[in-house]
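J.: Submitted below is the structure of interest, expressed as structure tokens.
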Amino acid sequence: MQENTQQAVTISAIASAAGVSVPTVSRVLNGRSDVAPATRERIENLLREYGYRRRGATQAPSRLVDLVFNDLDSPWAVEIIRGVEEALNADGLSVVVSAIHRRGSADSTRKWLDNLGARTSDGAILVTTDLDSFLHAELQRLNLPVVVVDPAGVPDLEVPTIGATNWTGAVTATEHLIQQNHRRIGFVAGRPGLWCSRARLDGYRAGLDAAGIGFDPALVISGDFDYESGFSAGTELLALRDRPSAIFAASDQMALGVYEAARQQGLRIPDDLSVIGFDDLPEAGWASPPLTTVRQPLSEMGTLAARTLVRLIRGEAVESPRIELSTRLVTRASVRAAG
């Protein structure tokens with residue numbers, strides 16, 4: 001059989017050719033004894049015919065783990081990397097950091113997969129990535145354990161995911177502003193389509209609804225989790241005839257962009273405008289005034305993702321396919337009572 005056909009074989013293809021289920025093929029690959037001898041022989045013959053490479057059976061572990069982001073230009077990524085590296089180093093594993101850029105993602109993904117196959121990593125941690133059917137199939141073909149941090153789309157229960165309580169954090173931030181007598185609260189949303197963006201927007205709306213405050217779509221502007229989009233959205237919100245007295249931004253970087261928009265319009269924080277962010281990056285504490293924000297345990301999320309992946313690499317069971325770590329409000333000096 002041609003080499004490119006050998007490389008494209010999947011466990012699903014072996015199972016289909018053998019007339020058995022995928023778990024049955026996996027049991028044979030893992031050396032389990034609970035497979036009928038005739039079935040085992042049929043599967044073994046197909047594995048040899050298709051040239052399927054068993055990870056770990058014919059090669060020593062590489063002691064490498066891939067950590068993949070959509071973008072690496074954010075302090076948010078640095079916090080994730082810190083947690084992953086700390087946990088993997090404790091287990092004697094090294095990390096290779098890559099970026100699959102959102103623009104031109106098909107080429108970036110293909111290049112990363114080619115590099116992944118060449119260095120035979122033991123596993124991968126994907127951050128804010130949409131694990132689409134193509135990427136999922138390719139990772140299955142490589143028989144590679146995967147953990148997703150902060151999944152972009154609806155979590156896939158076939159792959160363990162690590163996230164944070166985005167909805168609860170957004171409710172808490174909105175309620176804090178309402179408790180300070182703010183009734184006209186702007187919201188700078190995250191990148192449309194991301195799971196965390198939807199959850200934070202839903203939390204903002206739930207907080208308003210619980211207080212009997214009507215939702216005004218004019219007060220919601222989508223950003224891209226970066227400083228520039230926060231500045232643009234803040235400028236637009238503050239230009240409204242009935243401008244908000246407070247703005248909740250779905251990331252710290254966007255909140256700092258709102259700071260600059262307020263400064264350029266001659267508004268003081270928190271005297272003229274209250275601002276809340278989300279993440280609790282180091283920059284939040286350095287801002288002037290220090291930023292009230294929702295702490296997302298980014299480093300801890302990275303640590304837990306790495307520990308979960310190590311369990312998968314060892315063939316151990318994972319207790320839960322979906323884990324959400326708690327968020328909490330960190331109050332500083334960027335919020336004051338309205339009026």
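J.: For segment 100-129: of the residues being surrounded by 18 or more Cβ atoms within 10 Å (Cβ to Cβ) and assigned to a loop (DSSP other than H, G, I, E, B), which is modelled with the lowest pLDDT?
T.: The residue in question is Thr129.
J.: Which pairs turn up if I take residues in segment 74-91 that are under 16 Å from Ala124 (Cβ atoms) and charged (D, E, K, R) and look for partners that are open to solvent by less than 30 Å² (accessible area, probe 1.4 Å) and part of a helix (DSSP H, G or I) with beta carbon separation below 9 Å, at least 6 apart in sequence or on another chain?
T.: Hits for this filter: Glu85/Gly302; Glu85/Ala306; Asp91/Ala306; Asp91/Val310.
J.: I'd like to know if segment 258-279 contains one or more residues that are closer than 30 Å to Leu93 by Cα, under 17 Å from the mean Cα position of the chain (by Cα) and surrounded by fewer than 24 Cβ atoms within 10 Å (Cβ to Cβ).
T.: For segment 258-279, residues closer than 30 Å to Leu93 by Cα, under 17 Å from the mean Cα position of the chain (by Cα) and surrounded by fewer than 24 Cβ atoms within 10 Å (Cβ to Cβ): absent.
J.: Pull out all pairs, ordered by first then second residue, where Cβ-Cβ is under 8 Å, the residues are six or more apart or on different chains, the first lies in segment 207-222 and is within 13 Å of Leu177 (Cβ to Cβ) and among the hydrophobic types (A, V, I, L, M, F, W, C), and the second is in a loop (DSSP other than H, G, I, E, B) and open to solvent by less than 50 Å² (accessible area, probe 1.4 Å).
T.: From segment 207-222, the pairs are Leu219/Pro244.
J.: Going residue by residue through segment 60-70, is there one that turns out to be out of contact with any Leu (no Cβ under 6 Å at 6 or more places or on another chain), modelled with pLDDT of 75 or more, over 22 Å from Asp132 (Cβ atoms) and open to solvent by less than 70 Å² (accessible area, probe 1.4 Å)?
T.: Within segment 60-70 (the criterion being out of contact with any Leu (no Cβ under 6 Å at 6 or more places or on another chain), modelled with pLDDT of 75 or more, over 22 Å from Asp132 (Cβ atoms) and open to solvent by less than 70 Å² (accessible area, probe 1.4 Å)), the answer is yes, since at least one residue qualifies.
Listed here are the residues, each with its yes/no results for (1) touching a residue at least 60 places away in the same chain (Cβ under 8 Å); (2) over 30 Å from Leu238 (Cα atoms); (3) of a type in the set (Lys, Arg).
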| position | (1), (2), (3) |
| --- | --- |
| Ala262 | no, no, no |
| Gln265 | no, no, no |
| Asp272 | no, no, no |
| Gly285 | no, no, no |
| Arg322 | yes, yes, yes |
| Leu329 | yes, no, no |
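J.: Please determine whether any residue of segment 20-34 is outside any helix (DSSP H, G or I), of a type in the set (A, V, I, L, M, F, W, C), more than 27 Å from Asp114 (Cα to Cα) and at pLDDT 80 or above.
T.: Within segment 20-34 (the criterion being outside any helix (DSSP H, G or I), of a type in the set (A, V, I, L, M, F, W, C), more than 27 Å from Asp114 (Cα to Cα) and at pLDDT 80 or above), the answer is no, since none of the residues qualifies.
J.: A further question follows. Hey, among Val78, Val95, which residue is open to solvent by 40 Å² or more (accessible area, probe 1.4 Å) and at pLDDT 90 or above?
T.: Selected residue: Val78, the only one of Val78, Val95 that is open to solvent by 40 Å² or more (accessible area, probe 1.4 Å) and at pLDDT 90 or above.
J.: Please verify whether Phe225 is surrounded by fewer than 16 Cβ atoms within 10 Å (Cβ to Cβ), among the aromatic types (Phe, Trp, Tyr) and assigned to a loop (DSSP other than H, G, I, E, B), treating the condition exactly as stated.
T.: no
J.: Considering segment 155-183 alone, what residues qualify as being open to solvent by 10 Å² or more (accessible area, probe 1.4 Å) and of a type in the set (S, T, N, Q)?
T.: Scanning segment 155-183 gives Thr165, Thr168, Thr172, Gln179, Gln180, Asn181.
J.: Give the number of residues within segment 215-227 that are under 13 Å from Gly190 (Cα atoms) and over 21 Å from the mean Cα position of the chain (by Cα).
T.: Count: 2.
J.: Still on this structure, I have one more. Determine which single condition Met254 fails, assuming it passes every other condition in (1) touching a Phe, Trp or Tyr at 6+ places or on another chain (Cβ under 8 Å); (2) at pLDDT below 95.
T.: (2)
J.: Small (Gly, Ala, Ser), modelled with pLDDT of 90 or more and open to solvent by less than 30 Å² (accessible area, probe 1.4 Å), is that true of Gly186?
T.: The answer is yes for Gly186.
J.: Follow-up. Within segment 283-308, how many residues turn out to be open to solvent by 10 Å² or more (accessible area, probe 1.4 Å), closer than 13 Å to Arg332 by Cβ and in a helix (DSSP H, G or I)?
T.: Looking only at that region, the number is 3.
The values are calculated or read from the model by the stated rules, or taken from the named source; none is laboratory data. It should be emphasised that the depicted structure is a prediction, and the values quoted were computed from it without experimental measurement. Cβ coordinates were reconstructed from backbone atoms using ideal geometry, including for glycine residues, and neighbour counts include every protein chain displayed. Remember, those area values only see protein heavy atoms, side chains included, never the ligands or the DNA or RNA. Shrake-Rupley method; radii C 1.70, N 1.55, O 1.52, S 1.80 Å.
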